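The values are calculated or read from the model by the stated rules, or taken from the named source; none is laboratory data. Only a predicted model underlies this, so the values are computations on that prediction, with no experimental measurement involved. Note that each Cβ is placed from the backbone with ideal geometry, even for glycine, and that neighbours are counted across all protein chains shown. Surface accessibility is based on the protein's heavy atoms, side chains included, excluding ligands, DNA and RNA. Shrake-Rupley method; radii C 1.70, N 1.55, O 1.52, S 1.80 Å.
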Amino acid sequence: MFDTVKGTASDIREMKIRGAGRIARAGASAMKDFAENYRGGSLEECRKDLDTAKDILLESRPTAVSLWNGVQACMRDVGNAPSGKEATDSVIRNAETFIKMSSNAVDMIAKIGAKRVSNGDVILTHCNSSAALGVIKEAHAQSKEIKVFATESRPWRQGLLTVKELSDAGVDVTLIVDSAVRSVMKRTDIVFVGADTVASNGALINKIGTSQLALAADEARVSFNVCTETYKFSPITLFGDMVTIEERDCGEVADMEALPKNVKIYNPVFDSTPAKYIDAIITELGVLSPGSVYDVMVRQLGDGIFKERDCQ
Ligand code: RUB
């Protein structure tokens, strides 16, 4: 019964599906598929099975809140559904709405973000973010003359996806190793990165190395911009919970067998960039300051969140 959901979770864990927006849409799509094919019994059983499907998906990768918010959006009406059929119908409906909203948000961010790009700009981006690349491709489509530096993003080298995507779109793009960031920052006009999660204090959690880009940008007085859909804002951070930073297998960094026996490897795959290094957060709702993230979150969740939630 859970085969498709387990397959999606495994594709997310193994990075066959990756990037915060894509994993959120894949999660919602797996919930939709599960609901469409569900042939269970009572309402109670149905709720239990939907919860199990949700948990299987959420256990795949811990950092991007987009997955949690995407899957949770599908489950929104399950608690109030009067029958199993109405519960699964609501999952299908909410999954479709989420997937559409999520894709529209990327398009809107591209349009808004492209206005921050001037003709002749040199842009720096990190890893492979569909929201950040949307902005860059939109600026190029508007015939702005731009050059882009893209980091390799060790160890998975998502930068290779980025340079292919930009090159296919006709953008002048140069691949750099991650350690070239500070050197290249002297020639950069503006930085665009994506987000896995944004905390209520405006901090950004994104691919490991993002905080180094932010520090180098700050030192060089280069504008540092985060491109993110607002469903990457993390509700748990409102209540003091910290974002879990995923650590992946040592073998992704180096062949342990080839190293001396006493050498250890540490492989955190995301890091946190404090709000003070962020100039703008470009969302589908417009350009925000990191300081306004809290207000946007509370407005979206509703004041009731503070009454409902047990903060103990
Ligand atoms: C990808 C990454 C991206 C964000 C945003 O990490 O850090 O910058 O997920 O991507 P990984 P998007 O490759 O480990 O998933 O804008 O596409 O949601």
Fill in the blank from the handout: Inter-part gap, Cα centre of the stretch 240-254 to Cα centre of the stretch 37-107, in whole angstrom, is 26 Å
Practice task
For an R0 of 51 angstrom, estimate the FRET efficiency from the Cβ-Cβ distance between Ala180 and Glu96 and round to the nearest 0.05.
Solution key: 0.75
Completion exercise
Note to self, the chain gives a 222 nm [θ] from helices alone (DSSP H runs n ≥ 4, -39500 (n - 2.57) apiece, / all residues, nearest 500) of -14000 deg cm²/dmol
Practice task
Straight distance only, please: which aspartates and glutamates reach the Cα of Lys85 with their own Cα at less than 20 Å, same-chain residues fewer than 8 apart left out?
Solution key: Asp33, Glu36, Glu44, Glu45, Asp49, Asp51, Asp77, Glu96
Completion exercise
trypsin sites (Lys or Arg not before Pro) in the stretch 187-242 lying in a DSSP loop, each with at most 13 other Cβ atoms within 10 Å of its Cβ, come to Arg187, Arg221
Problem - Highest-fluctuation residue, Gly240, Gly21, Gly286 considered, GNM on the chain with Cα pairs under 10 Å - result: Gly240
Fill in the blank from the handout: Rounded to the nearest 5, the percent of antiparallel DSSP beta bridges in the chain equals 35 percent
Completion exercise
In a Gaussian network model of the chain with springs linking alpha carbons closer than 10 Å, the residue among Ile265, Ile17, Ile146 that fluctuates most is Ile265
Practice task
Could you pull the accessible area for Thr8 with a 1.4 Å probe, rounded to 10 Å²?
Solution key: 20 Å²
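What are the equivalent ellipsoid semi-axes of the chain, built from the alpha-carbon gyration tensor (square roots of five times its eigenvalues), in whole angstrom, biggest first? Before the final figure, lay out the partial values.
Working: eigenvalues 233, 106, 73 Å².
Semi-axes, largest first: 34, 23, 19 Å.
For the stretch 115-301, with every protein chain kept in place, what is the accessible area per residue (1.4 Å probe, Å²)?
Per residue, the stretch 115-301 has an accessible area of 46 Å².
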Practice task
Determine the per residue accessible area of the stretch 3-104 with all protein chains present and a 1.4 angstrom probe, expressed in square angstrom.
Solution key: 46 Å²
Exercise for the section: List the GluC sites (Glu not before Pro) within the stretch 139-207 that fall in a DSSP loop (any state other than H, G, I, E or B) and whose Cβ has at most 14 other Cβ atoms within 10 Å. Expected result: Glu145
Exercise for the section: Can you send over the carbon and sulfur percentage of the accessible area for the stretch 3-104, probe radius 1.4 Å, protein chains only? Expected result: 46 percent
Completion exercise
Cα-Cα longer than 26 Å, checked against Lys115/Lys276; Lys16/Lys100; Lys207/Lys261, kept in input order, equals Lys207/Lys261
Problem - DSSP-loop trypsin sites (Lys or Arg not before Pro) across the stretch 1-72, with at most 10 other Cβ within 10 angstrom - result: Arg39
Exercise for the section: May I ask you to give the percent of accessible area on the stretch 115-301 that is carbon plus sulfur, with a probe radius of 1.4 Å? Expected result: 50 percent
Problem - Calculated FRET efficiency for the pair Ile236/Ser83, C-beta based, R₀ 30 Å, to 0.05 - result: 0.45
